[in-house]
Amino acid sequence: MSEVTVQQLAETVGIPVDRLLLQLDEAGLAVSGPNAKISDEDKAHLLKHLRHEDVETDASAPKKITLKRKTVSELKQAGGGTKAKTISVEVRKRRTYVKRSVAVAEEKAVLDSKIAEGDRRRSEEETRLSQEEMARRQALEEKKRAEEEAAAARRAIEEAAQTKGTETVAAQPVAVDAAVKEAAKDKKGKKRGRGGREEGGEVYASRHNKMDRQELHVSADKVGRRKKKAPARAMAGRVVAAATQHGFQKPTQPVTHEVALPETLTVAELAQKMSVKAAEVIKVMMKMGTMVTINQVIDQETAAIVVEEMGHKPKMLREDALETEALTSSASTGEFLPRAPVVTIMGHVDHGKTSLLDYIRRAKVAAGEAGGITQHIGAYHVETPRGMVTFLDTPGHAAFTAMRARGAKVTDIVILVVAADDGVMPQTIEAVQHAKAAGVPLIVAVNKVDKPEAQPDRVKQELVGHHVVPEEWGGDTMFVSVSAKTGEGVERLLESILLQAEVMELKARREGEASGVVIESSLDKGRGAVATVLVQSGVLRKGDILLVGKEYGRVRALFDENGHPVDEAGPSIPVQVLGLSGTPDAGDNAAVIAEERKAREIALFRQGKFRDVKLAKQQASKLENVFSQMEEGKINTLNILVKADVQGSAEALRDSLSKLSTDEVRVKIIASGVGGITESDVNLAMASNAIIIGFNVRADNAAKRLSQENGVDLNYYSIIYEVIDQVKQAMSGMLSPEIREEIIGLAEVRDVFRSPKFGAIAGCLVVEGTVKRSNPIRVLRDNVVIYQGELESLRRFKDDVSEVKAGTECGIGVKDYNDVKPGDQIEVFERVVVKKTIQ
């Protein structure tokens, strides 16, 4: 047995001596002081006391202890020089211990609360069950008592009836029922506490049925009311049937519906509209002598006859009723206010239409068009001292007849540009015809009067032969001599336009929803579908729901002709609209719809009609194929797939190439669209054995690879009459040697640097072929040609080089063009003389 002093035990345990003396005293061990000795039994007794000590024995004692430990280490890291860096890493750890008695007390408190909650719920459940059992027993006793009283009443009536003879016995069931009702009236009707009430001699009794719904029963003397259910189902000697009649009655007269009939519908849809089975409709139509099936489509008139035969009223519907209603409700309202005139510049190709507009706008427009000719409809508005004028610049080439016709329809005034040295040409006559057909006034601008060979009088004489008579010769057409090069007569031309506009008193509503017409549309990979819309009435704003042809969408952004964002556009203002679901057709009407749901419904309806027309055309082409197979060997067919950068160019190419068909060779346009040439286009060309014509667009890498593997002919063009001439030559067999463009290299722009000497320098990586300094180039953005020009400089690091091959980086400077951006492609080509062969 080993003994230690209190002082030694306190040092071993790690607590103060005074606290240990206090604990020994509380455990019942008498010690004199720090030097008193303690045996092992005393230690065991003290430990037992401390383990069973209550939580609240010492309120000042800590309930939990937190230990912290900190360690420091060093890491050596090699530096950039010869010396290594030493990093000190300090790790801190923290751990908390909770007193066992405190944790036990908390667990006990939680357990006690759960036990108390369970006892309370059990007591509530027992109370509820006892109340329900008591109510059920009371209901059974009342029911039994009522049955006994009713049976006693019946027996009394039967005994009385036996003494009154045969007639009284025959009326026994009615008397029994009356007695039962009287008993119920006495028993239940007078008890207001059970939900009944007495009013004017009628007794209303409310009770609960099996589905816990309340039913209302009235006395039997009320005609047309529902009869009260008999309280007893069995009587002495016979069984009485309970009242099982429901609250609905079969209609005594046929129900007539007003059936709305669209232009076409199936037999099943017609039966559903009349709320009858389809077999009934088929039976009626068979009686009328028409054999139909459930999915057969019938027309509106036949459906109306069937509806009338079945006793209903037909209501004829127009399929465009929703469209008409939406467009009428969204029409502009308000006061008519003066607006700017919309002027279309028309004339023969290369007579100076764009150059004249270029002088008016003080901008270079014609230089940006391939070959110096206009191939898109340009829309611009110009501020003049006397007011604003909106100009539409239409192409003059013969292929763009539809564009000129569309420009004449949306314009107020037509300016006919005629070159004084060339005189009246075919497209000049065509422009006069378009202007007269549209019923708009004509102003003739005799251009190029500054040339020595100019003959303005000859132009007047030739136009008189086409019923265009000058004012000075007694006619009603203004003639203005101008020069797009020197600016002579331009101010007089503007005054003539504004004077004619004042005479016409052009007005439009500025309030209400906007409406207009699509001038041109294209597909931009970065921005989506872009449509150039000329607003004719109202104000078009960002956020409006715009319906354009078979496309719709919320206007996300508006841009003017210079590419600057605008918030709104009023009447006679052309803007570029972003946010449509697809590229609309040029010439489609645009209107703002109040609700997006209605716009979507109308667009889907128009798409359905377009799909029906397309299917009908496909069916016709199948029939044509049958005849062509019958006459195989007599007629050759040239299949062409057209892809262009804008919708107007695709339309012009499609119409022009279709007109080239002859008796020996027929041109068939299998598809046309907007945007770059994709893999699906190549697959379609493979399936139909067609050639692909890309007008200012290029094929992507997947389409190039697929076309090379399968031998599909890809042809790139940037001028429309080159397309027509080459197709003509291929058809007529005049395959003489000609100059063809071959792409020899393709470079991808990685970055753009600015040079004070050369301007923008494109840092490029040559990905295909070879880039040569002396060759012409094209700049492509999203596979669409945006610029054609020449290489001004070609450098490899700091050295001027003549050519750079594939896989090599270089710097390219494009002459007179500083809008190169990273991601663009620079295409280098050369013109070579090749000899055509018939495939």
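The values are calculated or read from the model by the stated rules, or taken from the named source; none is laboratory data. This one's a predicted model, so the numbers in the text were calculated from it and none came from an experiment. Cβ sites come from the backbone with ideal geometry, for glycine too, and all protein chains shown count toward neighbours. We work out accessible area using only protein heavy atoms, side chains counted, and drop any ligands, DNA or RNA first. Shrake-Rupley method; radii C 1.70, N 1.55, O 1.52, S 1.80 Å.
A few points about this structure:
- Listing of strands (runs of 3 or more DSSP E) fully contained in the stretch 766-839 that carry 3 or more residues being open to solvent by less than 40 Å² (accessible area, probe 1.4 Å), touching a residue at least 24 places away in the same chain (Cβ under 8 Å) and out of contact with any Ser or Thr (no Cβ under 8 Å at 6 or more places or on another chain): 776-781, 784-796, 825-834
- Residue list for the stretch 521-532, restricted to those being part of a strand (DSSP E or B) and either open to solvent by 10 Å² or more (accessible area, probe 1.4 Å) or touching a Gly at 6+ places or on another chain (Cβ under 9 Å) (or both): Ser521, Ser522, Leu523, Asp524, Gly528, Ala529, Thr532
- Flag for Val535 being of a type in the set (A, V, I, L, M), surrounded by fewer than 22 Cβ atoms within 10 Å (Cβ to Cβ) and outside any loop (DSSP other than H, G, I, E, B): no
- Each residue in the stretch 538-550 was checked for being open to solvent by less than 20 Å² (accessible area, probe 1.4 Å), out of contact with any helix residue (DSSP H, G or I) (no Cβ under 6 Å at 6 or more places or on another chain) and in a strand (DSSP E or B), and 3 of them qualify.
- For Gln729, the conditions (1) in a helix (DSSP H, G or I); (2) exposed (fewer than 15 other Cβ atoms within 10 Å of the Cβ); (3) modelled with pLDDT of 80 or more all hold with the exception of (3).
- Of the residues making up the stretch 405-427, one or more are open to solvent by 30 Å² or more (accessible area, probe 1.4 Å), closer than 24 Å to Tyr717 by Cβ and modelled with pLDDT of 75 or more.
- Matching entry among Phe753, Phe695 (being on the phi < 0 side of the Ramachandran plot and touching a Ser or Thr at 6+ places or on another chain (Cβ under 7 Å)): Phe695
- Scan of the stretch 297-318 for residues that are over 12 Å from Leu270 (Cα atoms) and part of a strand (DSSP E or B), ordered by number: Lys313, Lys315, Met316
- Against the conditions (1) surrounded by fewer than 16 Cβ atoms within 10 Å (Cβ to Cβ); (2) at pLDDT 70 or above, Phe610 satisfies every one except (2).
- One residue alone among Val518, Val480 is of a type in the set (Val, Ile, Thr), in contact with a Pro (Cβ under 6 Å, 6 or more places away or on another chain) and outside any loop (DSSP other than H, G, I, E, B), and that residue is Val518.
- Scanning the stretch 253-286 for residues that are at pLDDT 90 or above, in a loop (DSSP other than H, G, I, E, B) and either buried (at least 17 other Cβ atoms within 10 Å of the Cβ) or charged (D, E, K, R) (or both) yields one hit, Lys277.
- Taken residue by residue, the stretch 295-313 has at least one member that is more than 16 Å from Thr256 (Cα to Cα), touching an Asp or Glu at 6+ places or on another chain (Cβ under 7 Å), modelled with pLDDT of 80 or more and surrounded by 13 or more Cβ atoms within 10 Å (Cβ to Cβ).
- Lys108 under 27 Å from Leu9 (Cβ atoms) and either at pLDDT below 80 or open to solvent by 100 Å² or more (accessible area, probe 1.4 Å) (or both): no
- Residue check for Ser113: of a type in the set (Gly, Ala, Ser), open to solvent by 60 Å² or more (accessible area, probe 1.4 Å), assigned to a helix (DSSP H, G or I) and modelled with pLDDT of 80 or more: yes
- Among the numbered conditions (1) under 24 Å from the mean Cα position of the chain (by Cα); (2) over 18 Å from Met388 (Cα atoms); (3) open to solvent by 40 Å² or more (accessible area, probe 1.4 Å), the only one that Glu511 does not meet is (1).
- Of all residues assigned to the stretch 469-479, at least one qualifies as being free of Cβ contacts under 8 Å to residues at least 12 places away in the same chain and on the phi > 0 side of the Ramachandran plot.
- Within the stretch 135-157, residues that are open to solvent by less than 60 Å² (accessible area, probe 1.4 Å) sit with their Cβ atoms under 7 Å from residues that are not hydroxyl-bearing (Ser, Thr, Tyr) and not in a helix (DSSP H, G or I), at 6+ positions apart or across chains, in these pairs: Ala146/Pro231; Ala150/Pro231; Ala150/Ala232; Arg154/Met235.
- Hits in the stretch 555-592 - residues which are under 17 Å from the mean Cα position of the chain (by Cα) and assigned to a loop (DSSP other than H, G, I, E, B): Val555, Arg556, Gly579, Leu580, Ser581, Gly582, Thr583, Pro584
- Gly553 crowded, with 18+ Cβ neighbours inside 10 Å, of a type outside the set (Phe, Trp, Tyr) and closer than 22 Å to Ile602 by Cβ: yes
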